[in-house]
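For reference, the structure is listed below as structure tokens.
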Amino acid sequence: MKLSIHQSIEGQIDELIPGELVFPTDFRGKGSEAAIKMSLSRLVKEKKIERVAHGIYYRPKIHPIIGKLLPSPEEVAKGIAKKERVRIRPTGAYALNQLGLSEQVPTKLSYITDGQARAIKVGKAEITFKHTTPKKFSMKGQISSLLIQGLEELGIKNMELATDHFKEKIKLLIEKENPADLKHDLHLAPGKIHDFILNIISKEND
């Protein structure tokens, strides 16, 4: 007996790992876009899946003590990037937070991407994807690439007001970076940021 579109989608979801993200495009070929959306809405009502954001769902994951575990905004961002086969990298205040240069946990997670620019609300958090040039994704260092992205959005005026403590933290981060990767990334950095980081390195070597 041939399964209905809804039964086919439900069966595919039942095979997913709890906590796994679900996108309407996962079910292309099973029916029309309208039929897929209708089935997903029905599965939300049946509590088989939950809506995370517009066009993004997940299979509920329950912890025996904590209860329902929602996907984090970071997991959603990575899930979108994987699904759409695009690259993402933290930028701005979020990049600085990832490096430990900012203790404030941002409610707005900002990424550069070589994919589509957009903003997505996930609970109280907002994920922003900013389309950028291939040049920014050619940076190699795990630390230096984030540092340059974070400082670029911070702005030169704020960098000029940077405290010695902030600069010391940057110095300690730079020491952990592969020298060849740091040199490569500094070559690609905007002039003001290049000079700011180079000045910290120069003081380190004095």
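Every number in this text was worked out from the coordinates using simple rules, so none of it is lab data. Computed from a predicted model, the values in this text were never measured in an experiment. Ideal geometry is used to build each Cβ from the backbone, glycine not excepted, and the neighbour counts take in all protein chains shown.
In the stretch 45-74, how many are under 11 Å from residue 18 (Cβ atoms) and out of contact with any Lys or Arg (no Cβ under 9 Å at 6 or more places or on another chain)?
1
Within the set of pairs 6+ apart or on separate chains, which have a first residue in the stretch 31-55 that is over 23 Å from residue 78 (Cα atoms), a second that is of a type in the set (D, E, K, R) and exposed (fewer than 13 other Cβ atoms within 10 Å of the Cβ), and C-beta atoms under 9 Å apart?
So the pair list comes out as 36/28.
Could you grab me the full set of residues in the stretch 7-18 that are surrounded by 15 or more Cβ atoms within 10 Å (Cβ to Cβ) and of a type outside the set (Asp, Glu)? Write out each step before concluding.
The initial filter retains those residues of the stretch 7-18 that are surrounded by 15 or more Cβ atoms within 10 Å (Cβ to Cβ), namely 8-10, 13.
The answer is 8, 9, 13.
Under 9 Å between Cβ atoms, at least 6 apart or on separate chains: pull out the pairs that start in the stretch 1-22 with a residue that is in contact (Cβ under 8 Å) with a residue 40 or more places away in the chain and end on any residue that is part of a strand (DSSP E or B) and of a type in the set (A, V, I, L, M).
13/22; 16/22; 18/62; 21/52; 21/56
Checking the structure you have, find out if any residue of the stretch 107-115 is of a type outside the set (Ser, Thr, Tyr) and more than 30 Å from residue 175 (Cα to Cα).
Within the stretch 107-115, the first condition is being of a type outside the set (Ser, Thr, Tyr), and the residues that meet it are 108-109, 112, 114-115.
Next, only the ones that are more than 30 Å from residue 175 (Cα to Cα) stay: 115.
The answer is yes; a qualifying residue exists.
Do any residues in the stretch 165-192 that are surrounded by 12 or more Cβ atoms within 10 Å (Cβ to Cβ) have Cβ atoms under 7 Å from those of residues that are part of a helix (DSSP H, G or I) and charged (D, E, K, R), where the two are at least six apart or on different chains, and which pairs are they?
If the second residue must be part of a helix (DSSP H, G or I) and charged (D, E, K, R), the pairs left are 171/204; 188/135; 190/152.
If we keep just the residues of the stretch 19-44 that are among the small types (Gly, Ala, Ser) and part of a helix (DSSP H, G or I), which is surrounded by the fewest Cβ atoms within 10 Å (Cβ to Cβ)? Explain how you work it out, then say what you get.
First pass over the stretch 19-44, keeping only residues among the small types (Gly, Ala, Ser): 19, 29, 31-32, 34-35, 39, 41.
The next check asks that each one be part of a helix (DSSP H, G or I); those that pass are 34-35, 39, 41.
On the way: 34: 8, 35: 15, 39: 22, 41: 13.
It comes out as 34.
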